[in-house]
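The values are calculated or read from the model by the stated rules, or taken from the named source; none is laboratory data. The structure presented is a predicted model; accordingly, all values stated were derived computationally and were not measured. Ideal geometry is used to build each Cβ from the backbone, glycine not excepted, and the neighbour counts take in all protein chains shown. All accessible areas refer to the heavy atoms of the entire protein, side chains included, with ligands and DNA or RNA removed. Shrake-Rupley method; radii C 1.70, N 1.55, O 1.52, S 1.80 Å.
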Amino acid sequence: MNHVAVVDLGYGDAGKGTVVDWLCATRPVHTVVRFNGGAQAAHNVVLRDGRHHTFAQFGAGTFHPGVRTHLSRHVVVDPLALAAEADHLATVGVSDALDRLTVDGDALLATPYHRAANRAREIARGADRHGSCGLGVGEAVAYGLAHPDDAPRVADCHSPALLRRRLTTLRDRLTAELGTLDAPPVEDCLPAFTGFAGRVAIVGGSWLAEALRTGTCVFEGAQGVLLDEWHGFHPYTTWSTTTFANVDSLLAEAGRSGDVTRIGVLRVVTTRHGHGPLVTEDPSLPFTDRHNATNPWQGRFRFGHFDAVAHRYALAAAGGVDGLALTHLDLAGPDLRICRRYDTTDRLTPGPPGDLDRQAALTARLLRSRPVYDDKPQDWPAAVRAELGTPVVLTSHGPTADDKTPCGPLLAPPTLAHAA
Amino acid sequence: MGSGIWSTDVYDAADRYRRSTGKSAFSYSDSGARTVHPALDPRDATRESRDSDEHPRSTPVAVLFDVTGSMRTVPRVLQTKLPQLLGLLQRQGYASDPQIMFGAIGDATCDRVPLQVGQFESDNRMDDDLGRIVLEGGGGGQMSESYELAMYFMARHTVTDNWEKRGRRGYLFIIGDELAYQRVKAREVAGLIGDDLSEDVPLRQVVDEVTRRWDTYYLLPAGSHYAGNATVLDFWRDLLGQNAVVLDDLDAVCETIALTIGLGEQAIDLDEGLRDLDRAGSGATGTVSKALARLGRDRRAEVSTLPAFRDTASGVTRL
């Protein structure tokens, strides 16, 4: 085994962070590579001694000394949130997180103007909110697509004059469209962005190729395939490719196509934070999630029975995986059931990327669908393997790396695994 | 996915990166400077707070803190906290177009840098002024610092559109832990500020002059040498009445200043202000509530159905 890619086959929150942490605890890992999303990611990692960090931009392997984080050009980088996250890491004993970080200079920046515009739009949607996190990631992507030559990028932080011009243009365009934005003046933003450039290693595309040659890299996905910009249930999606597509393109650029083990992460309880379809949602399920509080942008955290129909769809959209990591098995109590088909269909088929009308029609159909339940499985890993036609290669019964058990050889730790 | 729990505040982020490079926020002082930075030199200086197209109704706020040894680590903590003040004022909307000036107070009888005053700024440039302050760390041991010189400068060397055009006072916060000297000495004024006074000015007169144009507060923080010392508090209560405020947690300094301004501008009452802080996730409500209880209570007591007149100079309605 060389490189590993970890992708969530649900709506996010399945436990990618804890799986990445376990990978870094059980074998030498050179770098955790982020390949989508931005600061809105929230990958919770808990250590045996109780220390906890919600990883947003740093890789979830950061608790392990020496493991680096690389933010690839597919990530929307938020230097403001990054500074706060680094400070929190220092309070839980990781003082060199910024020293172990590299950022691709081509990556888009999320700015206070994107954030303010994101919130203004989401508020205007009223009851039809998309479940956005209010951090401006989608806004930054949209602006980058509309104005590729003017969009502020990470490398601009080295050139205050250029960055000032791009931020001003950005602010003026968004203000013209949405009215006054609740964001600080451009001059006030500059010290934060130039401070970031002065502190963090900003690199070119060849950095990753070198890292991939040097040691094992773990590609850590953000969000989940069911939220994918093309395959998710429009419009309740993220502006981000959540499948393996970005991993494949980064590997291809480095001349290492296919040199990766693909892991899909699933939770035995299908969850969703934010609006949109969750066919198996059951408010009577006796669960709470301590890391996903109700918030003004996504509302409350929603729980449902294991939705094999949706997860099969995600697996197909992602192009298959080599193995599944099944998490939260400690929650599989007597109340939890498995849904293998809906009253409207037993199979959802992915369409070609880019056909949002098709995705919206799919969403409408899901909102009409009712789950059909079978008896609760005696052996969850066996039931999931049978339903998805894919081996379960890692099971997790709790929050820490110690609560994980590899099944079979695919993710078995090398004999000389370094200590957690 | 989906939380965004880490702060995305620009002021906060700039400060975090600055700290993480190992560069002290007091870079000028820590690099060994022992003379006033030209940008903060009060000699022949006038500090202005002016309206502009972008800031049509400027509200000047001056924060001057004691940098002598008795304040121990207080100045360094203040330096990390004060950059958040502008953001807090802007977010809460307690004052229109706030423009903030920072300065530092030492002891003219024995210090090399007894008075440092920055410019009124409405953006991060005021952070630069904070970074240029020389931390005196000395002081004379006589329980007095040259607060009177700072008040003299504020009374005679500041010009604000808020006063000139609207007859409204600005806000002056002095943060310290000792007594002022009883007279503004003509010799010290000549040396430091450059004015030619024929005789010393009594402290009372300076206080009268400065409070006419500046709503002046004295904050006595915890952690300083004489904190809680009744002599110091009584001295300032005698000069400024209820505007002498004890602050038992320095972390709450920005919130205390912001709420004081909000109360002064009648943008809020104390309960509303505390609710705002609570909603913003501030842990400072206890400290602020305690510090401002006297101000808040008195301000609320002014609400009356009886005929009242408006004192435009203070913006406060009195019976």
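Within a straight-line Cα-Cα reach of under 25 Å, B:Lys290 can be paired with the following lysines, leaving aside sequence neighbours fewer than 8 residues apart in one chain: B:Lys81. Counting only other chain Cβ atoms within 10 Å of each residue's Cβ, the peptide A:176-185 averages 2. Rounded to the nearest whole angstrom, the semi-axes of the ellipsoid equivalent to the range B:12-102, taken from the Cα gyration tensor as √(5λ), stand at 26, 19, 13, largest first. Comparing mean-square fluctuations of A:Ser240, A:Ser396, A:Ser369 from a GNM of chain A with C-alpha springs under 10 Å, the top value falls on A:Ser369.
Set the Förster distance to 35 Å, then compute FRET efficiency between A:Asp402 and A:Lys376 from the Cβ-Cβ distance, nearest 0.05.
0.85
Across the range A:397-404, rounded Karplus estimates of 3J(HN,Hα) from the backbone phi angles (6.51 cos²θ - 1.76 cosθ + 1.60, θ = phi - 60°) give 10, x, x, 9, 4, 5, 8, 9 Hz, Gly and Pro being marked x.
Contact order for the range B:48-148, expressed relative to its length and based on alpha carbon pairs under 8 Å spaced 6+ residues apart, stands at 33 percent.
Amide H to amide H distances under 5 Å link A:Leu109 with A:Val77, A:Arg153, A:Val154, where only residues 5 or more positions off or on other chains count and H is placed in the peptide plane. Measuring nothing but how far apart in sequence close Cα pairs (under 8 Å, 6+ apart) lie, relative to its length, the range A:131-252 scores a relative contact order of 22 percent.
Over all directions, the projected convex hull of the C-alpha atoms in the range A:112-203 averages 6.3 nm² in area. Normalising the average separation of contacting C-alpha pairs (under 8 angstrom, six or more residues apart) by the number of residues puts the relative contact order of the range A:29-119 at 30 percent.
Taking 0.36 nm per residue of separation and subtracting the current Cα-Cα distance, fully stretching the chain between A:Asp330 and A:Leu367 would add 10.4 nm. Working from label points 7 Å from Cα in the Cα-to-Cβ sense, the A:Asp357 to A:Thr344 distance is 1.8 nm. Within 10 Å of the Cβ of each residue in A:83-94, the mean number of Cβ atoms contributed by other protein chains is 4. For B:Ser146, the residues whose modelled amide H falls within less than 5 Å of its own, excluding neighbours fewer than 5 places apart on the same chain, are B:Gly106, B:Asp107, B:Ala108. With only the Cα atoms considered, chain A has a convex hull volume of 134 Å³ per residue. Taking all protein chains into account, the per residue accessible area for the range A:112-203 stands at 42 Å² (1.4 Å probe).
Once the Cα-Cα distance is subtracted from the 0.36 nm per residue extended length, the A:Ala293 to A:Ser257 segment shows a gain of 9.0 nm.
Maximal additional length on extending the B:Gln182-B:Asp269 stretch stands at 27.8 nm, based on 0.36 nm per residue less the C-alpha distance.
With a Förster radius of 45 Å applied to the beta-carbon distance between B:Asp278 and B:Ser52, the computed FRET efficiency rounds to 0.85. Taking the helices alone, the protein assembly as shown has a mean residue ellipticity at 222 nm of -10500 deg cm²/dmol, built from -39,500 (n - 2.57) per DSSP H run of at least 4 residues and averaged over all its residues. Sorting A:Trp207, A:Trp380 by solvent-accessible area of protein heavy atoms yields A:Trp207, A:Trp380, largest first, with a 1.4 Å probe.
Among B:Arg204, A:Arg100, what's the order by accessible area (1.4 angstrom probe), most exposed first?
Output order, biggest surface exposure first: B:Arg204, A:Arg100.
Eigenvalues of the alpha-carbon gyration tensor of the protein assembly as shown, scaled by 5 and square-rooted, set the equivalent ellipsoid semi-axes at 56, 27, 23 angstrom, largest first. Given the C-alpha centroids of the range A:233-254 and the range A:278-355, what is the distance between them in whole angstrom? One Cα centre to the other: 20 Å.
Using DSSP to define loop residues, name the trypsin sites (Lys or Arg not before Pro) in the range A:340-420 whose beta-carbon has at most 10 other beta-carbon atoms within 10 Å.
A:Arg347
Of the trypsin sites (Lys or Arg not before Pro) in the range B:39-126, the ones in a loop by DSSP (not H, G, I, E or B) with at most 14 other beta carbons within 10 Å are B:Arg43, B:Arg57, B:Arg112.
Using a Gaussian network model of chain A in which every pair of alpha carbons under 10 angstrom is joined by a spring, one finds that among A:His291, A:His305, A:His158 the greatest mean-square fluctuation is at A:His291. When nucleic acids and ligands are ignored and a 1.4 Å probe is applied, A:Asp330 ends up with an accessible area of around 90 Å².
Among A:Arg290, A:Arg173, A:Arg51, the residue with the largest mean-square fluctuation in a Gaussian network model of chain A, with springs joining Cα atoms closer than 10 Å, is A:Arg290.
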